[in-house]
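Chemist: Mind looking over this structure? Questions follow.
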Amino acid sequence: MTAIIISHPACLEHLMPEGHPECPQRLEAIHNQLLSSGLEFVLTEREATEVTDAQLARVHDTQYLQKLNSQLPTEGIANLGDDIFLSPLSLVAARYAAGSGVQGVDLVMQGTTKVVFCNVRPPGHHAERARGMGFCLYNNIAIAACHALDAYGLRRVAIVDFDVHHGNGTQDVFLNEPRVLFCSSFQHPFYPDTDIDVKRSNIVNVPLPATTKGPEFQQAISDHWLPALEDFAPELILVSAGFDAHLLDDMSSISLTEQDYQWVSEQLRAYVDEHQQCRGIVSMLEGGYDLPALGRSVVAHVKAMAKL
Ligand SMILES: [Zn+2]
């Protein structure tokens, strides 16, 4: 099977304030672009399954999970601060978003496919163990990684994160977990302005100046991520796939294009093909707010990972 796309209609039901960039239309823009690119004939679509409480508890503190539950509004939109909003069905959406990554790990580990893309929201990589922030409620990619460690006994899982913002939540979860390599590239200085100077061999932070364009991005990935992957020898690669470093995305100043997302995705697939211990790639949507650029970038990402 070339690649599996996992999504769920409940992910459209997490509502943000009027005009907010992290909107349900993001998922529709991606879906429509996958359709119009003709990829629906070669991709398989699956409906996400829900994350379990035990899977959430591997990553998040009980008190934080209880706080989210207790602040869920019965109508309207609750502003919890730190760029976190809850609508009545937000936690249903978040449970399917997190569950899609767990399901993706299952599909790759069971040999059904080598490539999964989860077209889900809310995003996850800013959510720390004990607090949500930056539109992120549950740390989807961290939950997927913990599932790979616990359910399959993997000893080396790599998470790569090319969202334009630093994946502070993922770093927080895995700071003292040598079984997880975390590689993040991001505009710096920039939101979330949390500590990136952590000096751990399993954390590879690649800050990029606001003026960064494709060639500098590709050079930084070649210099820092690819050797780290080579040394670490992951059995599974997870991707925090944010597309907000795109030239057309108002969220940042970095100027990447579809070709850059294609390039980095080709590098990851080549790693899988060249290393027998690596079972495949599970990629999950993070940011990306210019809807046409987001749709095109995801198509480039999926095509490159699936070698289409
Ligand atoms: Zn972002």
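Chemist: In the stretch 253-288, which residue that is crowded, with 23+ Cβ neighbours inside 10 Å and among the hydroxyl-bearing types (Ser, Thr, Tyr) is nearest to Asn119 (Cα to Cα)?
Modeler: Checked the stretch 253-288; the qualifying residue nearest to Asn119 (Cα to Cα) is Ser283.
Chemist: Here's another thing I want to ask about it. Of the residues in the stretch 197-220, how many are farther than 21 Å from Phe243 by Cβ and of a type outside the set (S, T, N, Q)?
Modeler: Start the filter on the stretch 197-220 by keeping residues that are farther than 21 Å from Phe243 by Cβ, which leaves 197-203.
When the remaining residues are screened for being of a type outside the set (S, T, N, Q), the result is 197-200, 203.
Selection size over the stretch 197-220: 5.
Chemist: Name the residues in the stretch 208-252 that are among the small types (Gly, Ala, Ser), more than 16 Å from the ligand (Cβ to nearest atom) and surrounded by 15 or more Cβ atoms within 10 Å (Cβ to Cβ), would you? Before the answer, list the steps.
Modeler: In the first step, residues of the stretch 208-252 are kept if they are among the small types (Gly, Ala, Ser); the result is 210, 214, 220, 222, 228, 233, 240-242, 245, 252.
Now narrow it down to the ones that are more than 16 Å from the ligand (Cβ to nearest atom): 214, 220, 222, 228, 233.
Within the stretch 208-252, Gly214, Ala220, Ala228 meet the criteria.
Chemist: When you go through Leu154, Leu137 one by one, which is the residue that is more than 28 Å from Cys23 (Cα to Cα) and in contact with a helix residue (DSSP H, G or I) (Cβ under 9 Å, 6 or more places away or on another chain)?
Modeler: Going through Leu154, Leu137 in turn, just one is more than 28 Å from Cys23 (Cα to Cα) and in contact with a helix residue (DSSP H, G or I) (Cβ under 9 Å, 6 or more places away or on another chain): Leu154.
Chemist: Pick from the stretch 93-123 the residues that are closer than 22 Å to Ile281 by Cβ and small (Gly, Ala, Ser): which of them is nearest to the ligand (Cβ to nearest atom)? Spell out how you get there, then give the answer.
Modeler: We begin by selecting, within the stretch 93-123, every residue closer than 22 Å to Ile281 by Cβ; these are 96-123.
Cutting the leftovers down to small (Gly, Ala, Ser) gives us 97-101, 104, 111.
Working: Ala97: 15, Ala98: 18, Gly99: 22, Ser100: 18, Gly101: 17, Gly104: 20, Gly111: 32 Å.
Going through the qualifying residues, I end up with Ala97.
Chemist: Let me ask something else about it. Within the stretch 246-259, is even one residue in a helix (DSSP H, G or I) and either touching a residue at least 60 places away in the same chain (Cβ under 8 Å) or within 17 Å of Arg296 (Cβ to Cβ) (or both)? Before you say what the answer is, go through the steps one by one.
Modeler: Step one: filter the stretch 246-259 for residues in a helix (DSSP H, G or I), giving 258-259.
Still in the list and also either touching a residue at least 60 places away in the same chain (Cβ under 8 Å) or within 17 Å of Arg296 (Cβ to Cβ) (or both): 258-259.
Yes, the stretch 246-259 contains a residue that is in a helix (DSSP H, G or I) and either touching a residue at least 60 places away in the same chain (Cβ under 8 Å) or within 17 Å of Arg296 (Cβ to Cβ) (or both).
Chemist: Here's a check for you: in the stretch 263-308, which residue that is polar (S, T, N, Q) and within 16 Å of the ligand (Cβ to nearest atom) is nearest to Leu247 (Cα to Cα)? Break it down into steps so the answer makes sense when it comes.
Modeler: Let us first name the residues in the stretch 263-308 that are polar (S, T, N, Q), namely 265, 267, 276-277, 283, 297.
Going one step further and asking which of them are within 16 Å of the ligand (Cβ to nearest atom), we end up with 283, 297.
Values: Ser283: 21, Ser297: 11 Å.
Per the criteria, the residue is Ser297.
Chemist: Considering only the stretch 134-192, state which residues are in contact with a Pro (Cβ under 7 Å, 6 or more places away or on another chain), more than 21 Å from Glu230 (Cα to Cα) and in a loop (DSSP other than H, G, I, E, B).
Modeler: Residues satisfying the conditions are Gly134, Phe135, Leu137, His165, His166, His188.
Chemist: Filter the stretch 124-170 down to the residues that are within 19 Å of Asp195 (Cβ to Cβ) and more than 13 Å from the chain's Cα centre (by Cα), then identify the one that is nearest to the ligand (Cβ to nearest atom).
Modeler: Gly134
Chemist: Name the one entry in Pro24, Pro88, Pro122 that is touching a His at 6+ places or on another chain (Cβ under 8 Å) and surrounded by fewer than 18 Cβ atoms within 10 Å (Cβ to Cβ).
Modeler: Pro24
The numbers here are math on the coordinates, done by the rules we state, and not lab data. Note that the structure is a prediction, hence the values are computed from the model and not measured. Cβ coordinates were reconstructed from backbone atoms using ideal geometry, including for glycine residues, and neighbour counts include every protein chain displayed.
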